[in-house]
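Remarks on the structure that follows.
The values are calculated or read from the model by the stated rules, or taken from the named source; none is laboratory data. From a predicted model like this one, the values you see are computed outputs, not experimental measurements. Positions of Cβ are backbone-derived with ideal geometry, glycine not excepted, and every protein chain shown enters the neighbour counts. In case anyone asks, the SASA skips ligands and DNA or RNA and just uses the protein heavy atoms, side chains included. Shrake-Rupley method; radii C 1.70, N 1.55, O 1.52, S 1.80 Å.
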Amino acid sequence: TPATDPALAKQILDETRTAVELYFRQAPTYPEGLVRKNEAAPYYLYYDPRVGAINQYPNGTGPSDIFPSDTNVKPYESYGAVTRNNDHHFHYGYYIFAAAQIALRDQAWGLQYKDAINQLIFDVANDPAVNPNPVFQFPKMRNWDPYQNMCYAAGMSAPDGEGNNEESISEEMNFWTGVILWGAATGQNELVEHGICH
């Protein structure tokens with residue numbers, strides 16, 4: 001186990017760091033030595049100013065009965081993450097939590113990627129009190145329903161007909177836990193409080 005095997009712990013940390021960094025390169029190309037599946041595009045994030053959202057690519061592996069894509073052309077997507085801004089708190093929660101784990105062990109890395117990871121948080125949970133000088137424009141608390149005191153994964157019914165739903169509270173909890181840990185690891189107390197309050 002990593003707890004008793006320092007070499008394994010270092011390998012896990014290094015590979016996690018490499019995986020997170022794939023999405024934050026200036027000129028994304030497909031990494032040498034990485035197996036390319038289904039002609040997948042290079043890993044990258046794209047800010048769409050038309051809707052104030054960050055989109056992740058590649059996002060899916062193509063249309064299927066189990067994980068439908070809203071598009072049948074490349075780059076595919078999963079669960080309407082691009083065309084409907086669906087599931088961002090689920091998807092980005094994994095990156096934020098992983099980045100927090102890295103930053104807890106590598107403070108310099110956390111400071112280097114602080115602004116980039118913050119944008120993933122603000123895509124989902126932007127609040128002017130926490131983000132007074134935004135790098136990108138995001139709507140306030142895109143996924144949050146203050147009445148229900150939770151996030152919604154989907155807000156549009158097409159094409160699945162499900163409408164508003166929150167099918168994975170554990171992934172929402174992972175997002176907010178990641179926000180708390182990321183704030184703590186990078187000295188951003190306002191993010192810690194933001195995560196605790198939600």
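Expected output is a single nm value to one decimal: the length gained when fully extending between Met150 and Met173, i.e. 0.36 nm times separation in residues minus the C-alpha distance. What is it?
On the way: separation 23, 0.36 × 23 = 8.28 nm, distance 0.97 nm.
Contour length minus the Cα-Cα distance gives 7.3 nm.
Mind listing the long-range amide H neighbours of Asp145? Cut-off is under 5 Å, sequence gap 5 or more, other chains count too, H placed in the peptide plane at 1.01 Å from N.
Placed amide hydrogens put Met150, Cys151, Tyr152 under 5 Å from Asp145.
Probe of 1.4 angstrom, ligands and nucleic acids ignored: what's the accessible area per residue over segment 80-198, in square angstrom?
Details: 5660 Å² over 119 residues.
Result: 48 Å² of accessible area for each residue.
May I ask you to derive the FRET efficiency for Glu15 and Asn165 from their Cβ-Cβ distance with R0 = 45 Å, giving the value to the nearest 0.05?
Plugging the Cβ-Cβ distance into 1/(1 + (r/R0)^6) gives 0.85.
If I model a spin label at Asp115 and Glu190 as a point 7 Å from the Cα along the Cα→Cβ vector, what separation in nanometres do I get?
Distance between label points: 1.6 nm.
In sequence order, what are the phi-derived ³J(HN,Hα) couplings for segment 183-197 according to the Karplus relation 6.51 cos²θ - 1.76 cosθ + 1.60 with θ = phi - 60°, rounded to whole Hz, with x for glycine and proline?
So the Karplus estimates, Gly and Pro as x, are x, 5, 6, 10, x, 10, 4, 5, 6, 4, 5, 4, x, 5, 6 Hz.
Please give the FRET efficiency for Tyr46 paired with Asp106, using the beta carbon to beta carbon distance and R0 = 25 Å, rounded to the nearest 0.05.
Between Tyr46 and Asp106 the formula returns 0.40.
Can you compute 3J(HN,Hα) from phi for each residue in segment 117-128, using the Karplus curve 6.51 cos²θ - 1.76 cosθ + 1.60 with θ = phi - 60°, rounded to whole Hz and x for Gly and Pro?
5, 4, 5, 5, 5, 5, 4, 8, 10, 6, 8, x
Lys and Arg at +1, Asp and Glu at -1: add these up for the other residues within a Cβ distance under 13 Å of Glu21 and post the number.
Within the 13 Å Cβ shell, the charges total -1.
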